[in-house]
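The values are calculated or read from the model by the stated rules, or taken from the named source; none is laboratory data. Bear in mind that the values here come from a model prediction, so they are computed numbers and not experimental data. Counting neighbours? That spans all protein chains shown, and the Cβs are built from the backbone with ideal geometry, glycine included.
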Amino acid sequence: MQVFKAFFKLVKKYKTGIILYFGLCALMTVLVASQYKDEDKKNKFTSESYDLIIKDNDNSKLSLALIDYLKAQHSVEFHDYSEDELKDLIYSEFYTAYIEIPEGFMEKHLDEDALAVKTLYDTGRASGSFVELQLDTFTQGILKYENAGFDLDDAIANTKKAVEAENYVEFNVKNEDNESNSKLYSLFLFVPYGIMSMVLWCVLPVVMRFNSKDIKSRTAISSISPCKRTLALFGGSTIVGLMVYMAMIVLSGCFLKEYLFTEKWWLSALNLFVFSIVNGALLMLIASFPPEIIMKSKDVLVNIITIALSFLGGIFVPLELLGEDVRAVGKFLPTYWYAVGLQKIEAGSTLKDVSSCFGMQAIFGVFCLAAGLAISRVCMYFKES
Amino acid sequence: MAQTVVEINNLVKRYKELVALDNFGLKINEGEIFGLLGPNGSGKTTTINCLLSLLSYDKGEIKLFGEKMHPSRRDLKSRIGVVPQNVAVFDELTVYENVEYFCGLYIKDKKLKKKCVEEAIEFVDIADFKKFYPKKLSGGLLRRLNIACGIAHKPELIIFDEPTVAVDPQSRNRILEGIAKLNQNGATIIYTSHYMEEVEQLCNRVLIMDKGKKVAEGTKDELKGMIKNTESIVVNVRRFSNEAVNDIKELHHVYDVKYLNDTLTVKCSGGKHNITHVSEYFEKNGIDYDRIYSELPTLNDVFLEITGKELRDKE
């Protein structure tokens, strides 16, 4: 606990660096988000909702299913107007259409000629035709499922699923600026660079301070075991990494309101979480080298590591633009698998599909910890001999 | 009988072909200030590191407080305090925070820790600098901070590894007084240094080591009794002939005479009134001299005679 507490006291001294990098990340986020400000207007498809009057004379399972389907998209009211009143209301655009479900609708629905839902709308407007089209789609769907051998309940359920699926259609409008990637993808893509920079610039010197020969020896002769000390340092580094992660999630969340708590957002956040942990392991690997070597070349080293990992892993340059050889190298890096994971999430993959990318990142993390341990042992061996 | 605090038997430590410690052994009793002397590379630091389990060793046995020392013996380690040669503190923490950190490695209880930290800071007299960062402290204050970090948890055995290197005389005296006070309070001290005068002033018992071996061990007087030289007579005299040097050599109890830079050094072994015999020779032969005085052997003489080399590089 003592090492842990002192770790955070030392990290506080480097808070200016963290704030500076966080500011840079915030700037990048604003810049990226600003490119997407018209995204909603350009790409988003929202189906129109109309005001309908329905009269259900059948009050059957089928008629209720049809009403449910219409209710899901339109505003539905139940009134008993005369035909003239209805015509007036539709003409004056209070309502889009009147739908009357005849008695015996369910009983006779298999007889194609008898299946008639009475509709009344202004033929001069497309909206009424659109509603009639929806009615036809639903009733035809039920007929097709029943003809395929499903009973009425299954036919209703399957038709509902089928008509709802229409709403998932996405418009992949080619945009020269943003290709086809969403704001979520673009905002999450560069975050690992920010996390790596913040953690390596600001936490590495602290860990190296604890690892300096004199301080390490002084701690080693105390009643704290080396294992506890290492765990405290790893825990501290990871917590700082996670704090940075949380800050980045909140920051990106401010610009991703429409995506918040969607499956894509959760998966992207999880992907970044895995990367943050792996970054902690990477830090421990670097810190296992002799401090006198690392501290002399810290600035150069951190730059090389963060920039190289970002370039080779497809953070700065899209993966598609990287050559085969570069991609082959990138496959050994966590940033590559982070970017691949993000691409999969963007394409609508599930947790199961993306878990392989998380796994590859985790393997890199385990490798870092194992290599760090081995390097520490080798250094100790040389020191002793 | 005083308890044996440190016991090292037949310790062997090799760095490939180099034997750093060659069947080395020592015993330190409770309440002693034990001086560990030796030139650079003699094995002092290796001994201390083995003692603290910072280094593994090839052969031998180390016992602390009557129990075998091992890297996992946290209970034994908690009874030891170390003041390393290099100032090992965090530049990013204040004086108070540094002492609190190192004290906290041993003491968990918050109240007790606070009390110990305050006392340690008071003890080394740096209370006025509590909120200072180490970079703002002078060399002497830094050394005192280094000491405070090592003694805050009130250890029973304190190892001082050359604590006065690069320290001004005033700070050096304060440090030495502090060490003596710690000893009076009951702590056993191991003190390694290049500075003979410090060791002479401070230590009850001294061990001289060279090339990983114990060369001599005993109290200051015992060590001085081991060598031929019992007295050196120094005469500042101009133009002293070789014949006169030979005459002086013939005097009783004189075994070595050197004349260099108008200074005649006459080394005697045993005997009384040696200075009278030398001054009588000068008067008898009508040789004028500026000053004549007698020096008792120092630990440096002991070391020089036993090992044939200076303990410390000439400054």
Kindly check whether there is at least one residue in the range B:301-310 that is surrounded by fewer than 17 Cβ atoms within 10 Å (Cβ to Cβ), in a loop (DSSP other than H, G, I, E, B) and more than 27 Å from the chain's Cα centre (by Cα). no
Which number in (1) surrounded by fewer than 19 Cβ atoms within 10 Å (Cβ to Cβ); (2) not in a helix (DSSP H, G or I) marks the one condition that B:LYS135 misses? (2)
Counting only helices (runs of 4 or more DSSP H) entirely within the range A:283-385, those with at least 1 residues that are β-branched (Val, Ile, Thr), at negative phi and surrounded by fewer than 19 Cβ atoms within 10 Å (Cβ to Cβ) are A:291-296, A:298-312, A:324-330, A:351-384
Residue pairs within 7 Å by beta carbon, gap of at least six or interchain, first lying in the range B:91-103 and at the interface with chain A (Cβ under 10 Å from one of its Cβ atoms), second in a loop (DSSP other than H, G, I, E, B) and of a type in the set (Gly, Ala, Ser), listed first then second, are B:PHE102/B:ALA152; B:CYS103/B:ALA152
Return a yes/no flag: does the range B:104-116 have any residue that is under 27 Å from the mean Cα position of the chain (by Cα), more than 11 Å from chain A (Cβ to nearest Cβ) and free of Cβ contacts under 8 Å to residues at least 12 places away in the same chain. no
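Scan the range A:132-150 for residues that are acidic (Asp, Glu) and farther than 15 Å from A:VAL163 by Cβ and jot them down. If you could, list the steps in order and put the result at the bottom.
Going through the range A:132-150, the residues acidic (Asp, Glu) turn out to be A:132, A:136, A:146.
Matches in the range A:132-150: A:GLU146 only.
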Which helices (runs of 4 or more DSSP H) sit wholly inside the range B:146-227 and have at least 3 residues that are under 24 Å from B:THR46 (Cα atoms), in contact (Cβ under 8 Å) with a residue 60 or more places away in the chain and in the same structural domain as B:GLU118 (by TED's automatic domain parsing)? B:196-202
Determine which single condition A:ILE304 fails, assuming it passes every other condition in (1) more than 23 Å from the chain's Cα centre (by Cα); (2) free of Cβ contacts under 8 Å to residues at least 12 places away in the same chain; (3) over 18 Å from A:CYS368 (Cβ atoms). (3)
Checked the range B:234-256 for anything within 31 Å of the chain's Cα centre (by Cα), crowded, with 17+ Cβ neighbours inside 10 Å and at pLDDT below 90; matches are B:VAL254
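Among the candidates B:GLY25, B:GLY41, which residue alone is more than 14 Å from chain A (Cβ to nearest Cβ), loosely packed, with under 14 Cβ neighbours inside 10 Å and small (Gly, Ala, Ser)?
Numbers: B:GLY25 fails: loosely packed, with under 14 Cβ neighbours inside 10 Å.
Result of the check over B:GLY25, B:GLY41: B:GLY41.
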